[in-house]
Structures are given as C-alpha cells and as structure tokens.
Amino acid sequence: MPGRNRRSRRFRFAFPRQVRLAISAGVLALLILCVVLILRGCAGGGDASLDVPAAGTQQQVQDQPSAEQQGQPASGDQATGEQAAQGQLPQEQQTSLDASPEEQPAQEQAAAPQQTAQVLEGEPFGQRSAVIRSIGDIVMHNPLLKGAYNSQDNSYDFSPYFSQIKDSMAAADYTVINVDGPMGGKKHASYRGYPQFNTPPHLLYALVDCGVDMLTLANNHALDTYYDGLKDTIDNVESVGLDHVGAYRTQEEHDTPKVVVIGGIRVGITNYTVGTNNMAKRSDEEATLYGLRMVSNSNAPDDIQALRDAGAEVVIVYMHWGEEYLREVNNSIRNLAKKLVAAGADVVIGGHQHVVLPCEYLTVTDDSGASHTGLVLYGMGNFLSDQRARYRDSGIIFEITLQDNPQTGKVEAVSPRYIPTYVQRTKGTSTYDYRVWPVGAVLDDPPSSISQDVLTRIRQVWQEQQEIFAGGPATAAKK
C-alpha cells in the first residue's frame, strides 16, 4: 500500500493545480462546441435535412431490405464490372445462343425474368382485330440437318428452306409454330433426328427472320434430351426474343398465365402434349411436376380460368395430340376438344399427326348447363420434314382473325383460313435440299425451278386439302 500512495503522489505532483484547471476548462469548452454543432444539424441546415413528403401526399414504407442488403446484384443499370465478370449482367445484355452452338452451347441465364400474373393492358373494346397464323410441325430429320450443315465454319443455316414461304409466315400480327424436339445445344447430345431429336438452335435464327413470334414447346419429343435439355431450349428461345408456352424451368413460370397483347386484344395461350414417348419417366421428377405441360399432369379448366383471371379476353389452346398418320378425327381428340371448349377455350389448334385434318365450330354445354362455342382445328400436318409419303409431305398455315363483336360484347375468332403448303425435296451431289412452297401462289405463277412432276404433286395437294376442309368454316388462301 505505501508503494501505491507514493505513485499517486508522484502523479498528482506532476501536474500543478493551474494546469489541471486549464485542462478541465478546455474539455468543457470542447463539449459545449459539440453540443452546438449537433443542435445546428438537427435544426435542418445543409445536407442533413430530412425528406418530408409534401402535404396531401402518401408515402409507402417498405420493410423489405434493398437488393444490396440482401446480397443481390443491383438493378440492370447499376450492374458493376465485377457482376459482369460473374455473368450477372441483365438478361438483355447476355447472349445465350452463340452463332456456333456446337462449339459454345447456350448457357443458362443467371437470373430469368420474373413473370407476373398482373392483368396486361389492352385497347378499349370496339373495333379491334388481330390476325394470328399457326404453323404445323417442323421435324428436323437427319437429311434436313445434313442439308443445312456448313462444314467450313461448322454451323447450320436453315434459312434457305423457308425462303419461298417466309412472307406467308410473317403475314400476321402474331405467328405461332411448333418444332418437334429440343434445341438446347450440343452439350446434351449430338445433333440428330429421329427417334430422339436434338435440333441445332441455329433454327431459331431462321424462325425469327421469318416473323415467328412464339414457339409451342409441349410436344412428344420435348424431353428427348431430358429435362436439362428442355430448360436450355427455353433459354435459347428467350435469347432470340421469342415467346414460348408449354414448358417451364420453375414452378413459378408454370403457374404464371401466358397472356399476350395482340392488336390491342389480350390473348391467353396455353399448350399441352398428350405424351412424351415415355421420356417423362426417364427424366427428372421436376419435368412431370411443372416442367412440361401434359394432359396427364394438368387441369385445363383451372388453367383456362387462370388465363381469364389474368385478363385474357380470348383463350387459345394448342394441342399436341392424336394418332400419327391417321387421316380422320377420332373420338379421342374430338372428346378432348369438347372438354376444352366446355372449359372455356375459344380456339383449339392441334398438331402431331403429321397429316392435315379438318376444322369445325364446336358448341358444347358445360356442367352448369351453359353453352360454349369454340373453333377447333384438329391437325395442321407437316410444315417441314423429310417425310415423303402422300399427305405427309404437306401441311397448312392456319389463320384466324380475332375481333370485337359489339353485339355480344366479346372477342370472337372469325374468318378461319388455311394456306396449303408443300415441301419440295431436291437431290444434290451429296445432300438433299428442301423448300417449303405456298401451294396456291405456285399454281398461279409456277417458278421455272419446279419440275412438272413436282407441279403435278402441288396441284394434287391443293385438291386434297380442298376436300379435307369441304363443308367446314375454313376457306383456302394462296399465301
């Protein structure tokens, strides 16, 4: 203890009383200055002012943390160089489909856009109209792949196949087409045709160039490269700016109704396949839960109601159904069409049979006794394939016009038309070349490149399809 007292005394004596008083006064003055500065800041001067809403306005307070606080990248305009290096650029700045996918397959996008079920704004009811063209199956058999392949740059160019039909494909406000099988890139399998297709994504460039707006992805070959291939197909379709329906990467995408505004009209579109060639059993469980919209895993009345709730004024259902090569409407697809119309479908358009089938207006009564009428086309045939048998070497472009009916207060599908098409195959030195022709236009002005044998078959196709649609509401068009 004595030692401690000595240390205390030495400390005390080291600072005379006058010095201690000066130090205390300085500390007090500093405290007073700090208090003054704080009070000035709270009074509202300079950059410390509060943002107070003007009188009469409302300010919503959100409790959710910001994107930065959640560890998520900033919005598109704020993406940093580091985010770009990590592949987190906004979707519109990403390139999912390379010019040579077999060398550099499309990558999954870092963050798919979030779809919403909000009601889309159309135009006021009155004099609106919209023309929609639907196109049958594109089936890329091996000879078609070989004919489009360029060994010099290891790529594919399918555009010549559509050079004669391009204008007819684009002559609508909205064009929808089906491609049998996936287009997810070569990382899933080599490019190949039947029986398990893997079509080069290069085809998408040609379809965009021809004015196609949407692909229906629910078909019996959708899972030929399994669910991973289907998800990459969706990525590729989106990367070229095309809409799609029938296949999904997440439950949220599956549950989000697809409504597009065409000519000011809100059009709800959905798509089902009857089968998958048993590939669903061999694919990931997610494929059957939500990845592919099939008849077996779907509730069409609920789906159609969801489209209505999302604002759809008219509902179109695309069906991949029926028995291949059967040239008649059997009870299976007719009964299914009746159920769809009873559930509220305004238009039902079928494919998969690889032959053209007729169309009709179906009027059915639902369980409540209410009457519904829908336009049903049972089969569009082959638009492009290597099938050469009669009735399989041809197809149609099917056109409907959606327009307001002031008397009923509804949007109706009217004036159905069909454009007969024919696939010409020409033998080259080592491959076949293909051209899809509008049959009526060819008959009006036959090109010199078409032989008499081909011209004879084209005349026959025109007559065949006149007979198929005889007595129905659809009329023939030339292009």
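The values are calculated or read from the model by the stated rules, or taken from the named source; none is laboratory data. As the structure is a computational prediction, the values presented were derived from the model and not from experiment. Note: ideal-geometry Cβ built from the backbone for every residue, glycine included; neighbour counts use all protein chains shown.
Determine if region 404-415 includes at least one residue that is surrounded by fewer than 21 Cβ atoms within 10 Å (Cβ to Cβ), among the basic types (Lys, Arg), out of contact with any Asp or Glu (no Cβ under 9 Å at 6 or more places or on another chain) and outside any loop (DSSP other than H, G, I, E, B). Within region 404-415, none of the residues are surrounded by fewer than 21 Cβ atoms within 10 Å (Cβ to Cβ), among the basic types (Lys, Arg), out of contact with any Asp or Glu (no Cβ under 9 Å at 6 or more places or on another chain) and outside any loop (DSSP other than H, G, I, E, B). For region 161-176, the candidate set comprises residues that are out of contact with any Pro (no Cβ under 7 Å at 6 or more places or on another chain) and of a type in the set (Gly, Ala, Ser); within that set, the residue that is nearest to Asp393 (Cα to Cα) is Ser163.
Kindly indicate whether Leu89 is part of a loop (DSSP other than H, G, I, E, B), at pLDDT below 50 and within 23 Å of Gly246 (Cβ to Cβ). No; evaluated as a whole, the condition is false for this residue. Counting just the residues of region 439-470 that are over 29 Å from Val376 (Cβ atoms) and polar (S, T, N, Q), which one comes out modelled with the lowest pLDDT? Applying the filter and picking the extreme gives Ser449.
Can you pull out the residues in region 351-388 that are surrounded by fewer than 16 Cβ atoms within 10 Å (Cβ to Cβ) and in contact with a His (Cβ under 8 Å, 6 or more places away or on another chain)? Correct list: Thr363, Thr365, Asp366. Selection of region 153-192 for residues being surrounded by fewer than 24 Cβ atoms within 10 Å (Cβ to Cβ), without any contact (Cβ under 8 Å) to a residue 60 or more places away in the chain and under 15 Å from the mean Cα position of the chain (by Cα) yields only Thr175.
Count of region 249-268 residues, restricted to those that are touching a helix residue (DSSP H, G or I) at 6+ places or on another chain (Cβ under 8 Å) and hydrophobic (A, V, I, L, M, F, W, C), is 1. A search for C-beta distances below 7 Å between a residue of region 332-355 that is over 19 Å from Val176 (Cβ atoms) and any residue that is of a type in the set (Lys, Arg) and modelled with pLDDT of 95 or more, counting only pairs 6+ apart in sequence or on different chains, returns Gly344/Arg308; Val355/Arg327; Val355/Arg392.
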